[in-house]
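Enquirer: Below is a structure I'd like to ask you about.
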Amino acid sequence: MLITVPALLFFAASLPPSAGIEPDARRGEEFFQQSKCASCHAPGTARDLARRLDRNYTPAALASRIWNHAPTMFAEMRKQGIAPPAVSSQQSADLFAFFYSRRYFERPGDAARGKAVFEEKGCSGCHSMTGPGTGPAVSSWGSLTDLVTFVAAMWNHAPKMKEAIAAKGGKWPEITTQNMADVLVYLQNQPAPKKAVVEFLLPSIEDGKGLFDEKCGGCHKGAAGLENKLKDETLTDVAVAMWNHASMMRQAAPDIPSVDMRKIIGYAWASQFTKPHGSVDRGKRVFEGKKCASCHGEAGSGAPSLAGLQKPFTAMDMVSVTFGHGPKMQENRKAKGTTWPVLSASEMSDLAAYLGK
């Protein structure tokens, strides 16, 4: 039995000051309710947003999903007499934080696969579930219900583990994002932590950059800077990258308390929100291939001018555009006999880069 996620998990990650956007799940839930989204996506229904499906979410992936869902959503709103809400970029960010907090695991994990990974990677050789072993028993771990705390525990455990592996002549166990999701589901369903409540908390990151520069800035600058390393990554992606990176560090990994790790991870993850990471050239091809240019660029079409878009333009802004421009666009497409353009996450990322060029 999986651990249930509370109806609302707090998320507030302040972005770089120049962005002027601070995603907050509490505001996102309030907007979600006020906009009557819950009339279709109510808890316990087939369309409940808390259901454990498709958790590999990034801003571009969420924008893609909302965009592709728009025709069905607008039709249902018309049936219920609900006007599509106006959604600002700030509200888009708040909705993303709310949706993300409701989808804590990001990817569907599998306990059976997790058990296999835990054994194949050699974790079970030191860590038993409840009894004594070379390392602390899983039942004593206090980090399983919070991914960020788990990252801190793994990171701080890395130096001792490197020594133990070297003594045995072994190899550092690299893992994938799917491995991490599977192992967490497996461990969280062991007897000891089963009653725990999954938590998801990222505080303001105003101190995160300073801590990152202090702990990691000596190496991660220039071409190795964070802005060049993170592009549409999930929290689990960040955790896995840190784990796999620990074995390659020339110096011993600095010990980072979980309270500081939370700020660093918050900074690392949220810094992606306001930066388009797609390809302008590919975005242009998407724009033309999806026939956006048939209206946006056609005099007298009534479509908004692309010249008025804010810069930079991101996937979050595309969510705002979906609600603001979507209903009219749907009418225009129907009048011209063309279908609604479906966009993948990568196409959404590229299109946002092109529109904000």
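The values are calculated or read from the model by the stated rules, or taken from the named source; none is laboratory data. Predicted model only: the values in this text are computed from it and were never measured. All Cβ positions, even for glycine, are placed from backbone atoms using ideal geometry, and neighbour counts span all protein chains on display.
Enquirer: Being modelled with pLDDT under 70 and over 21 Å from Pro59 (Cβ atoms) narrows it down to one of Lys231, Lys195, so name that one.
Expert: That would be Lys195, the only listed residue that is modelled with pLDDT under 70 and over 21 Å from Pro59 (Cβ atoms).
Enquirer: Moving on. Hey, could you check the range 198-228 for residues that are part of a helix (DSSP H, G or I), of a type outside the set (A, V, I, L, M) and at pLDDT 75 or above and say which is farthest from Arg262 (Cα to Cα)?
Expert: The selected residue is Gly222.
Enquirer: List the residue pairs whose Cβ atoms are under 7 Å apart, where the first residue sits in the range 113-136 and is over 12 Å from Ile175 (Cβ atoms), the second is part of a loop (DSSP other than H, G, I, E, B) and polar (S, T, N, Q), and the two are 6 or more positions apart or on different chains.
Expert: Cys126/Thr134; Met129/Gln190
Enquirer: Sticking with this one: In the range 276-295, which residues are of a type in the set (A, V, I, L, M) and surrounded by fewer than 20 Cβ atoms within 10 Å (Cβ to Cβ)?
Expert: Passing the criteria: Val280, Ala293.
Enquirer: Report yes if some residue within the range 167-188 is surrounded by 13 or more Cβ atoms within 10 Å (Cβ to Cβ), modelled with pLDDT under 65, in contact with a helix residue (DSSP H, G or I) (Cβ under 8 Å, 6 or more places away or on another chain) and in a loop (DSSP other than H, G, I, E, B); otherwise report no.
Expert: Scanning the range 167-188, I find no residue that is surrounded by 13 or more Cβ atoms within 10 Å (Cβ to Cβ), modelled with pLDDT under 65, in contact with a helix residue (DSSP H, G or I) (Cβ under 8 Å, 6 or more places away or on another chain) and in a loop (DSSP other than H, G, I, E, B), so the answer is no.
Enquirer: Against the condition farther than 22 Å from Ala70 by Cα, surrounded by 14 or more Cβ atoms within 10 Å (Cβ to Cβ) and at pLDDT below 80, how does Gly131 come out, does it pass?
Expert: no
Enquirer: If you don't mind, another one. Between a residue in the range 345-357 that is at pLDDT below 90 and any residue that is among the hydrophobic types (A, V, I, L, M, F, W, C) and crowded, with 24+ Cβ neighbours inside 10 Å, which pairs come within a Cβ distance under 6 Å, given they are 6 or more apart or on different chains?
Expert: Close Cβ pairs (under 6 Å, with a partner that is among the hydrophobic types (A, V, I, L, M, F, W, C) and crowded, with 24+ Cβ neighbours inside 10 Å) amount to Ala345/Ala60; Ser349/Ala60; Ala352/Ala315; Ala352/Met318.
Enquirer: While we're here: For the range 138-161, give me the residue count where each residue is charged (D, E, K, R), in a helix (DSSP H, G or I) and surrounded by 18 or more Cβ atoms within 10 Å (Cβ to Cβ).
Expert: Residues meeting the conditions: 0.
Enquirer: Any idea which of (1) modelled with pLDDT of 80 or more; (2) out of contact with any Pro (no Cβ under 6 Å at 6 or more places or on another chain); (3) surrounded by 12 or more Cβ atoms within 10 Å (Cβ to Cβ) is the one Gly266 doesn't satisfy?
Expert: For Gly266, the exception is condition (1).
Enquirer: Among all residue pairs at least 6 apart or on different chains, which show Cβ distances below 7 Å where the first residue, located in the range 26-38, is under 13 Å from Val87 (Cα atoms) and the second is surrounded by 15 or more Cβ atoms within 10 Å (Cβ to Cβ) and acidic (Asp, Glu)?
Expert: Hits for this filter: Arg27/Asp94; Gly28/Asp94; Phe31/Asp94.
Enquirer: If Leu53 passes every condition in (1) at pLDDT 80 or above; (2) outside any helix (DSSP H, G or I) but one, which one does it miss?
Expert: Among (1) at pLDDT 80 or above; (2) outside any helix (DSSP H, G or I), Leu53 violates only (1).
Enquirer: Let me ask another. When the range 307-357 is examined, which residues are found to be assigned to a loop (DSSP other than H, G, I, E, B), aromatic (Phe, Trp, Tyr) and surrounded by 20 or more Cβ atoms within 10 Å (Cβ to Cβ)?
Expert: Phe313
Enquirer: Something else now. Across the range 280-295, what is the total count of residues that are small (Gly, Ala, Ser) and at pLDDT 90 or above?
Expert: Matching residues across the range 280-295 total 2.
Enquirer: Let me ask you something else. Just the residues that are surrounded by 14 or more Cβ atoms within 10 Å (Cβ to Cβ) and polar (S, T, N, Q), please, taken from the range 70-93.
Expert: Ser88, Ser89, Gln90, Gln91, Ser92
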